[in-house]
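Since the structure comes first, as structure tokens, the remarks are kept for the end.
The values are calculated or read from the model by the stated rules, or taken from the named source; none is laboratory data. On a predicted model such as this, the values are computed, not experimentally measured, just so you know. Please note: Cβ atoms are built from the backbone with ideal geometry, for glycine as well, and neighbour counts cover all protein chains shown.
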């Protein structure tokens, strides 16, 4: 059955994106392979689901179609209009990879999940996210016990899982915990409930040991939502209303506490909140300076030095850098202006409305649907305080697709008692041509950045000068890789190759501060070149008093 196979293919994508890392192969060991995997598999599954998509497209809510088209047009417009390097806007910057192709892949997954959505698929998704969470818990316990078999660059000994960052690991485990909770209400076997309870406790332990608050915030938010629906359906609605008011008061008090306001600040405030405020102010400044189309997709880092204020430098020094606002909405505003931000908010609003409509149409609480709706809300909450990385966004966009797709299923009365949609389960031939075409396109986009990065790492390991320069300057170019190569070559007394790469780097991206820095110190730079580089560095970092 094509839809059954397509569903399994779809569910394999977030699992692979979450788990895959390449610490011994690529220069960037975590997010690049996730980006490449996301691209390749999203195109392939779209080709696989193309016959179903053609049949179902007429049933898709026009609001969904319009919002997706508007979002894609906004992305394309930003790439065309803004002066940031097109290659960077398409593939994203090193370590983040949040360019056009990233969002295109997420949109494809959103569309496929929408077409395949059913009660059965929702159940399988909940099982999948729980299974992936178990792998993360197991690996986290290995890291906690100091027995990690992977040689990470992790001097602080953080618990990272396969996310490369404790915040991302904590957020994912928190979302997974919330997604799996409804099983307590559906499992009849005491032994199964006990096993799930052990898994939940282990998950909570891993969240705590990550020393990141995001997971606890997700769990608290999810429980609060579940409790409201439990009171509304099982007790008295009056109690649910009172609880909702109380919960909102507590939530606002908690938010104020994290912002160092009110009585809860000594329990909830962390220095990282202040640091995020520094990034947020810079993003707002970028958005104000470029309000319509922003500075270019994934180009926050190119403008951070220019847009940061004196408070940042006085608090953390002139060397502080960031290539993300650590807030998805502000990232979209800074990089894509109001055009991209409003289009994303439109799409998000349509998904939320679809979730609310589905909850209202079901006479009793559908706990499995509520699980994915709540998990999606938690994901959205997480994006307000963190970076929108592929290992998390892949889950969020698939959840969004399942929500809007299931709204159609419920609206059209296609839900059967077996938990399958009436439109699913029809036998069909394997769609070889669409899969082949889509997979080739995915390969052509996904493989080049990974190959260049792997070649660059290999050249650094063997210290082969010519290969370092070649890997740095070969398409698809990357500002970070080019400036890093220029710096490494210059420091290794290969000044000729270093200045060559540095010049190519500033030609590719005139806002790359580190490349100008190499030109200013390279012994083969002319006096006029050095003077020009210093002028450019002062222009890019106007508040840096160390530039003289």
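So that you can scan it fast, the table gives a plain yes or no per residue for (1) surrounded by 24 or more Cβ atoms within 10 Å (Cβ to Cβ); (2) outside any loop (DSSP other than H, G, I, E, B); (3) on the phi > 0 side of the Ramachandran plot:
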| site | (1), (2), (3) |
| --- | --- |
| 341 | no, yes, no |
| 353 | no, yes, no |
| 365 | no, no, no |
| 374 | yes, yes, no |
| 395 | yes, yes, no |
Inset, instruction - Sort out for me the helices (runs of 4 or more DSSP H) sitting completely within region 210-277 that have 3 or more residues that are modelled with pLDDT of 65 or more, under 30 Å from residue 154 (Cβ atoms) and out of contact with any strand residue (DSSP E or B) (no Cβ under 6 Å at 6 or more places or on another chain). - result: 214-234
Legend entry - Residue count, region 300-328 (criterion: crowded, with 19+ Cβ neighbours inside 10 Å, over 21 Å from residue 389 (Cβ atoms) and in contact (Cβ under 8 Å) with a residue 60 or more places away in the chain): 3
Inset, instruction - Within region 174-185, identify whether any single residue is within 18 Å of residue 371 (Cβ to Cβ), touching a helix residue (DSSP H, G or I) at 6+ places or on another chain (Cβ under 6 Å) and not in a helix (DSSP H, G or I), and answer yes or no. - result: yes
Legend entry - Total residues in region 46-65, condition touching a residue at least 12 places away in the same chain (Cβ under 8 Å), assigned to a helix (DSSP H, G or I) and within 25 Å of the chain's Cα centre (by Cα): 5
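Can you tell me which of 105, 138, 84, 147 is over 23 Å from residue 10 (Cβ atoms) and outside the structural domain of residue 321 (by TED's automatic domain parsing)?
Step by step, each of 105, 138, 84, 147 is checked, and only 84 is over 23 Å from residue 10 (Cβ atoms) and outside the structural domain of residue 321 (by TED's automatic domain parsing).
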Legend entry - Residue check, residue 63 touching a helix residue (DSSP H, G or I) at 6+ places or on another chain (Cβ under 8 Å), closer than 30 Å to residue 164 by Cβ and surrounded by fewer than 19 Cβ atoms within 10 Å (Cβ to Cβ): no
Inset, instruction - Can you confirm whether region 133-154 contains a residue that is in contact (Cβ under 8 Å) with a residue 24 or more places away in the chain, in a loop (DSSP other than H, G, I, E, B) and in contact with a helix residue (DSSP H, G or I) (Cβ under 7 Å, 6 or more places away or on another chain)? - result: no
Inset, instruction - Tell me, yes or no, whether region 187-201 has at least one residue that is within 23 Å of the chain's Cα centre (by Cα) and surrounded by 14 or more Cβ atoms within 10 Å (Cβ to Cβ). - result: no
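Name the residue, out of 375, 381, 400, 334, that is assigned by TED's automatic domain parsing to the domain that holds residue 125 and at pLDDT below 95. Even if it seems obvious, please write down each step before you answer.
On the way: 375 fails: at pLDDT below 95; 400 fails: at pLDDT below 95; 334 fails: at pLDDT below 95.
So the residue among 375, 381, 400, 334 that is assigned by TED's automatic domain parsing to the domain that holds residue 125 and at pLDDT below 95 is 381.
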Inset, instruction - Test residue 82 against the criterion of being in contact with a helix residue (DSSP H, G or I) (Cβ under 9 Å, 6 or more places away or on another chain), surrounded by fewer than 19 Cβ atoms within 10 Å (Cβ to Cβ) and closer than 27 Å to residue 447 by Cα, and give yes or no. - result: no
